[in-house]
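Input: a single structure, listed below in structure tokens.
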Amino acid sequence: MSDVIRFGVSLSKGLLTRFDSLIKEKGYPCRSEAIRDLIRENLIRRQWLIGEEVAGAITLVYDHQKRGLVDHLMDIQHDHHKVIISTQHIHLDHNNCLEVIVVKGKPREVEKLAESLKAMKNVIHSSLTMATTGKDLV
Ligand code: NI
């Protein structure tokens, strides 16, 4: 750990008290780990903004018995096959399915895929988890 650098941060007592109470609530073992996470969150948000390669997951819930829906979902996924690493399909009950689409690639392409899926009629839930490839974030 020779490349670890320690630095001091100045902030008001009130702000530090609120920060300490927040990280205690979230279960952080120390301030350093909480600050590292805040820095990474900001860097990851920036990766999505400036178009660096990112990774993430799109979660869908839909009723597979709705006419034409599964075919449409497949068509859209095939249109974006370059950013899809894998998909997992879970049969939640007789009608409803949960699908997790793991993605990696340029943010615009991933967001376009997520938006196309979300906008589809009869998709009950759709969310995009904006994660990272993890590169240069240690
Ligand atoms: Ni299913």
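Structure notes:
- From 136, 75, 37, residue being of a type in the set (D, E, K, R), outside any helix (DSSP H, G or I), away from the ligand (no atom under 16 Å from the Cβ) and surrounded by fewer than 16 Cβ atoms within 10 Å (Cβ to Cβ): 136
- Entry remark, segment 109-124: residues being touching a helix residue (DSSP H, G or I) at 6+ places or on another chain (Cβ under 9 Å), open to solvent by 40 Å² or more (accessible area, probe 1.4 Å) and within 16 Å of the ligand (Cβ to nearest atom) number 1 in total.
- Pairs with Cβ under 8 Å, 6+ apart, first in segment 81-104 and more than 20 Å from residue 64 (Cβ to Cβ), second among the charged types (D, E, K, R): 82/109; 83/104; 83/106; 83/109; 85/104; 104/53
- Residue 131 being out of contact with any helix residue (DSSP H, G or I) (no Cβ under 9 Å at 6 or more places or on another chain) and either within 14 Å of the ligand (Cβ to nearest atom) or open to solvent by less than 50 Å² (accessible area, probe 1.4 Å) (or both): no
- No other residue among 50, 44, 23 is in contact (Cβ under 8 Å) with a residue 60 or more places away in the chain and either of a type in the set (S, T, N, Q) or open to solvent by less than 100 Å² (accessible area, probe 1.4 Å) (or both) apart from 44.
- Residues in segment 53-68 that are open to solvent by less than 90 Å² (accessible area, probe 1.4 Å) and within 11 Å of the ligand (Cβ to nearest atom): 60, 61, 62, 63, 64.
- Any hit, segment 111-124, residues being farther than 30 Å from residue 138 by Cβ and of a type in the set (Asp, Glu): yes
- Residue match in segment 94-108 (condition: within 16 Å of the ligand (Cβ to nearest atom), of a type outside the set (Val, Ile, Thr), over 19 Å from residue 129 (Cβ atoms) and assigned to a loop (DSSP other than H, G, I, E, B)): yes
- Flag if residue 32 is open to solvent by less than 60 Å² (accessible area, probe 1.4 Å) and away from the ligand (no atom under 15 Å from the Cβ): no
- Restricting attention to segment 1-34, the residues that are of a type in the set (S, T, N, Q) and either in contact with a helix residue (DSSP H, G or I) (Cβ under 9 Å, 6 or more places away or on another chain) or assigned to a helix (DSSP H, G or I) (or both) add up to 3.
The values are calculated or read from the model by the stated rules, or taken from the named source; none is laboratory data. A quick note: this is a predicted structure, and the numbers were derived from the prediction, not measured. Glycine also receives a Cβ, built like all others from the backbone with ideal geometry; neighbour counts cover every protein chain displayed. Side chains included, ligands, DNA and RNA excluded: accessible areas come from the protein's heavy atoms. Shrake-Rupley method; radii C 1.70, N 1.55, O 1.52, S 1.80 Å.
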